[in-house]
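Q: After the structure tokens below, expect a handful of questions from me.
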Amino acid sequence: MNNSYNWYSTIIKPTWSPPSWLFGPVWTFLYCLIAVSFGKVFYLAWQGKIGLVVALPFLLNLIFNFAFTPLQFGLKNNLLAAADILLILATLIWAMLAIFFASSKLVSEGGSSIMWIFYLQIPYLLWVSFATVLQLTVTYLNR
């Protein structure tokens, strides 16, 4: 991991790039939100209260999210990391839309609202949007 940190510290980053120490606390907070909200989605899908198609973007998002670090820091490949973070952002938006519509359907059928899952994704969406711009900029600067 030290080798990866050394590599990342040598690449060109924009002046507005946050300090490296900030990523750990931000991702720790976000992974707590993800664990609670994604866990609830998977549980509801397992119970049959929401369709598997609603859980699919959450599952894909996790896969792409977990792939980012090995691509960026293991392979040291900015281009693959840029493609991956675009997939993270796209599946997150898809997941948010899927849960928004699933919550509306549940409520109309007399079930309880799960809109809190949608709202819990907002900090994740804000960070991933920022991280996407950052990664695309890093990829461009180091082409």
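Q: Compute for the chain: radius of gyration divided by Kirkwood radius, i.e. Rg/Rh, restricted to C-alpha atoms, rounded to two decimals. The partial results should precede the final answer.
A: Working: Rg = 17.0 Å, Rh = 16.3 Å.
That ratio is 1.04, to two decimals.
Q: Within 10 Å, count the other beta carbons around each residue, average over each peptide in 130-137, 87-94, 108-115, 30-37, and list them highest first. Could the numbers behind the result be given before it?
A: On the way: 130-137: 16.4, 87-94: 18.6, 108-115: 11.6, 30-37: 14.8.
Per-residue Cβ counts within 10 Å, averaged per peptide and sorted highest first, yield 87-94, 130-137, 30-37, 108-115.
Q: For an R0 of 30 angstrom, estimate the FRET efficiency from the Cβ-Cβ distance between Asn77 and Tyr43 and round to the nearest 0.05.
A: Numbers: r = 35 Å, r/R0 = 1.16.
The value I calculate is 0.30.
Q: Report, ordered by chain and residue number, the lysines lying within cross-link reach of Lys40, taken as a straight Cα distance under 20 Å and ignoring same-chain residues fewer than 8 apart.
A: Of all the lysines, those that pass the test against Lys40 - Cα under 20 Å, at least 8 places apart if same chain - are Lys49, Lys105.
Q: Now for a different question. Can you work out the PRE-style zone for Val133? Point 7 Å along Cα to Cβ, and I want the residues of the stretch 1-41 with backbone N under 17 Å.
A: Once the point is set 7 Å along Cα→Cβ of Val133, 13-19 turn out to lie under 17 Å by backbone N, inside the stretch 1-41.
Q: Here is a follow-up. Mind checking which lysines have their C-alpha under 26 Å from Lys13, skipping anything on the same chain fewer than 8 residues away?
A: Hits, sequence-local ones excluded: Lys76.
Q: Got the relative contact order for the chain handy, in percent, Cα pairs under 8 Å and 6 or more residues apart? Intermediate values should be presented prior to the final figure.
A: Values: 114 pairs, mean separation 44.5, N = 143.
Across the chain, relative contact order equals 31 percent.
Q: What is the extension gain from Ser104 to Val26, computed as 0.36 nm multiplied by their sequence separation minus the C-alpha to C-alpha distance, in nm to one decimal? It would help to have the intermediate numbers written out before the result.
A: Details: separation 78, 0.36 × 78 = 28.08 nm, distance 3.03 nm.
Length gained between Ser104 and Val26: 25.0 nm.
Q: About the Cα centre, and with charges only on the beta carbon of Lys, Arg (+1) and Asp, Glu (-1), how big is the dipole of the chain? Nearest 20 debye, please. Don't jump to the answer; show the numbers that get you there.
A: Working: 6 positive and 2 negative charges, 21 e Å.
Value, rounded to 20: 100 debye.
Q: Measuring from label point to label point, each 7 Å out along Cα→Cβ, what is the Leu141 to Ser113 span in nm?
A: For the pair Leu141/Ser113, the computed spacing is 4.2 nm.
Q: Then there is this: If you line up the Cα atoms of the stretch 33-98 on their principal axes, what length do they span on each, largest first, in Å?
A: That gives 41, 18, 17 Å along the principal axes, largest extent first.
Q: Leu62 versus Trp7, label points 7 Å from Cα toward the beta carbon: distance in nm?
A: 2.7
Laboratory data are not the source of any read-out in this text; all were calculated from the coordinates shown. Remember, it's a predicted structure, so these values are computed and weren't measured experimentally. Using ideal geometry, Cβ is built from the backbone for each residue, glycine included, and neighbour counts are taken over all protein chains shown.
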